[in-house]
1. Quick check: is even one residue across the stretch B:86-103 surrounded by fewer than 18 Cβ atoms within 10 Å (Cβ to Cβ), at pLDDT 95 or above and among the hydroxyl-bearing types (Ser, Thr, Tyr)?
2. Under 7 Å between Cβ atoms, which residue pairs at least 6 apart in sequence (or on different chains) link something in the stretch B:94-107 that is on the phi > 0 side of the Ramachandran plot and at the interface with chain A (Cβ under 10 Å from one of its Cβ atoms) with a partner that is buried (at least 22 other Cβ atoms within 10 Å of the Cβ) and modelled with pLDDT of 95 or more?
3. Does residue B:111 qualify as being in contact with a helix residue (DSSP H, G or I) (Cβ under 6 Å, 6 or more places away or on another chain), away from chain A (no Cβ under 12 Å) and not polar (S, T, N, Q)?
4. Could you identify the single residue in B:344, B:301, B:311 that is buried (at least 21 other Cβ atoms within 10 Å of the Cβ), in contact (Cβ under 8 Å) with a residue 12 or more places away in the chain and not in a helix (DSSP H, G or I)?
5. Are any residues in the stretch A:1-47 assigned to a loop (DSSP other than H, G, I, E, B) and in contact with a Ser or Thr (Cβ under 8 Å, 6 or more places away or on another chain), and if so, which ones?
6. Which numbered condition trips up residue B:63, out of (1) out of contact with any helix residue (DSSP H, G or I) (no Cβ under 6 Å at 6 or more places or on another chain); (2) surrounded by fewer than 22 Cβ atoms within 10 Å (Cβ to Cβ); (3) facing another protein chain (nearest Cβ under 10 Å); (4) modelled with pLDDT of 95 or more?
7. So residue A:51 passes all but one of these: (1) under 10 Å from the mean Cα position of the chain (by Cα); (2) at the interface with another protein chain (Cβ under 8 Å from one of its Cβ atoms); (3) of a type outside the set (Ser, Thr, Tyr). Which condition number does it fail?
8. Among the listed residues B:270, B:351, B:325, identify the single one that is of a type outside the set (Lys, Arg) and out of contact with any strand residue (DSSP E or B) (no Cβ under 8 Å at 6 or more places or on another chain).
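The values are calculated or read from the model by the stated rules, or taken from the named source; none is laboratory data. This is a predicted model, so every value here is computed, not measured. As a convention, Cβ positions derive from the backbone with ideal geometry for all residues, glycine included, and neighbour counts pool all protein chains shown.
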Amino acid sequence: MSVTFDKVFDARGMNCPMPLVNARKEIGKLDTGQVLKVMATDRGSVADFQGWAKVAKNVELVAQETENADGTSIYVHYVKRTA
Amino acid sequence: MGQLTTQVAWTSGDLLRQMQRRQNLFVLDVRNRDESERFPLEGPGLTAINVPYFEMLESGGKDDMIDSLVASIDRDLRRELPEDSPILAVCAKGNTSEFVMQALTRLGYNAGTLQGGMKAWGDYYDTQAIVDAGSLSFFQISRPARGCLSYIIASDLEAIVVDPLRHIHPYLDLARSRGLKISAVIDTHSHADHISGGRALAAATDAAYHLHPYDAIHPMDMLPATFLYEPLRDHQIFKVGQHELRVLHLPGHTLGLIGLILDDQYVLTGDSIFIRSIARPDLGGKAEAWAPLHTHSLRKLLELPGSMTVLPGHFSTLEEGDSSGQFQATLSDLKQKNESLAILQRESDAGFIEYLLGSLPKFMPQYVEIKRVNTGLAAPAEDDAATLELGKNVCGLAQSAALGDSR
């Protein structure tokens, strides 16, 4: 999958709720229309980002994918600031 | 300093004891809605609400996480939260709930957090001694969150384990602490709702793994087991120290289901008779063909002496346990109180089969894959195994209240 993004936030090794809590802050620093790529190792982040994107204002979950890095699953979330 | 009257960090064992004592507890479940629906925290005395933590963060709208949680709870949840009883914050793994507990505490609530979250609760095992006197030590080992029951029967430092669940440490720990040698591992049937620990435990202890040959074939794939096992047969006898276990073939829930009679006093019924329910006949995908067998097997069980104690393979709710947390009842008691057995006693075979086929709960699609795992046709990694097993078992027939009929 090729999703264009403007900034990367590395949340690998972080436990819930930190990937989402910190990504939320990072998105606040983006310009409208920009996309943040969030990389997490917490599997729970997949459903949490989906649920969060539904209630968060000015945020769109563009795509999610799972990358495999040496046997470790990396859960990637592309989040766009919409306003 | 005075005695602490409230707990802040709750273990899964604390939670289980609270429920066994039927004490009131308010649960604030902050997982996402899907997870909370698929694997709800429920039990005696519990009142639970689900408010995902990210919804609180958005509602609170502050820069700091705890400030956000405090603002959100203060504004949105004041009316729902009890002021006089403890509130247990619960999340997936026990990290987020700790922050929620801090926010609740800051607002003056009597708050706690479930350590390790629902992951720890889902993997928690409880060991109860059914008998531990004289030459017999007989334990019921449950996984309360899933409603699965397993057993260790020990005598003269020898032990037989029946229906061990996926995590085998409770059996190994108990055997080690008591100096027991596990001589046999028996699965009463090929389980559909959970991954058996039978083969793993047998391998870890050099014991033989016993299974009825009819259950060594996946009923849908029609593929044979990929592992070696000792075939169980009807009336076979296992000696354990000074005691005796007799195999009783009870086809119906599966074709190879067996019960085990211990010393003519106890009957381990596997997935046939439960405390409040009975097993469903459709998990092999052959409900019409298997329902008559199931009916016949249940009638066979009802012919056993009424004084025999039934020890089932599952429970549906923790309410079925007694106040000490054990799941057992005499057969004569169940003949009166178990709704399905009451119907069995008054109906003809045809009438009972009609009742069975009209009381089937939703078929769980993952049960087909779990049976593949238990037949050795698939071997999921830990995360996938945990996902397959998520939530409570649905091995029992639906109760009439749940079906909404007036039978």
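1. Looking through the stretch B:86-103, none of the residues is surrounded by fewer than 18 Cβ atoms within 10 Å (Cβ to Cβ), at pLDDT 95 or above and among the hydroxyl-bearing types (Ser, Thr, Tyr).
2. B:94/B:113; B:94/B:114; B:94/B:117
3. Considered against the rule, which asks whether it is in contact with a helix residue (DSSP H, G or I) (Cβ under 6 Å, 6 or more places away or on another chain), away from chain A (no Cβ under 12 Å) and not polar (S, T, N, Q), residue B:111 comes out as yes.
4. Working: B:344 fails: not in a helix (DSSP H, G or I); B:301 fails: not in a helix (DSSP H, G or I).
Sole residue among the options that is buried (at least 21 other Cβ atoms within 10 Å of the Cβ), in contact (Cβ under 8 Å) with a residue 12 or more places away in the chain and not in a helix (DSSP H, G or I): B:311.
5. Listed by number, the residues that qualify are A:12, A:13, A:14, A:16, A:17, A:32, A:33, A:41, A:43.
6. (4)
7. Going through (1) under 10 Å from the mean Cα position of the chain (by Cα); (2) at the interface with another protein chain (Cβ under 8 Å from one of its Cβ atoms); (3) of a type outside the set (Ser, Thr, Tyr) one by one, residue A:51 breaks only (1).
8. B:351
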